[in-house]
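The values are calculated or read from the model by the stated rules, or taken from the named source; none is laboratory data. In this text, all values refer to a predicted model and were calculated from it rather than measured experimentally. Ideal geometry is used to build each Cβ from the backbone, glycine not excepted, and the neighbour counts take in all protein chains shown. Heavy atoms of the whole protein, side chains included, go into the accessibility calculation; ligands, DNA and RNA do not. Shrake-Rupley method; radii C 1.70, N 1.55, O 1.52, S 1.80 Å.
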Amino acid sequence: MGENEGLETHLQELRRGTIVLACLQLLRRTGYGYGLLVELEQRRFSVDANTLYPLLRRLEKQGYLTSEWNTDEARPRKVYRTSTAGMQLATTLTEEWTALTTAIASLTQKEI
């Protein structure tokens, strides 16, 4: 494995958990899968549709998202929203992320 491959593997591992948290936060407002994919990309969360849609289904099955079909348009589309349990999870994950960020920052500060 080349240096760049190793780096990319580590970056993917680091990002993996952040996508769950980002989805829970962004879907506090009702949204479609494709719109979520676009917004994640705009916010520099790298994810593709083959990863996102199974993640949305898993979060829904776990009770962290709710969904319903919007049939107002010519083609029905599924809309998602973070459930109450999902909002609680997002709050907990955000607090943990903040604590981890602080801990990592303390490791990288130069000693005086």
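Tabulated data for the structure shown
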read-out: Any chance Tyr53 is open to solvent by 60 Å² or more (accessible area, probe 1.4 Å), within 20 Å of Thr94 (Cα to Cα) and among the aromatic types (Phe, Trp, Tyr); value: no
read-out: Residue within the range 30-38 that is open to solvent by 90 Å² or more (accessible area, probe 1.4 Å), at pLDDT 95 or above, under 16 Å from Lys78 (Cα atoms) and not hydroxyl-bearing (Ser, Thr, Tyr) present; value: no
read-out: Residue in the range 90-108 that is of a type in the set (A, V, I, L, M, F, W, C), assigned to a helix (DSSP H, G or I) and under 12 Å from the mean Cα position of the chain (by Cα) present; value: yes
read-out: Single residue of the range 59-83 satisfying the filter (in contact with a helix residue (DSSP H, G or I) (Cβ under 9 Å, 6 or more places away or on another chain) and farther than 11 Å from Gly33 by Cα) that is most open to solvent (accessible area, probe 1.4 Å); value: Gln62
read-out: Pairs, first closer than 15 Å to Gly31 by Cβ in the range 63-78, second in a loop (DSSP other than H, G, I, E, B) and at pLDDT below 95, C-beta under 8 Å, six or more apart; value: Trp69/Pro76; Asn70/Pro76
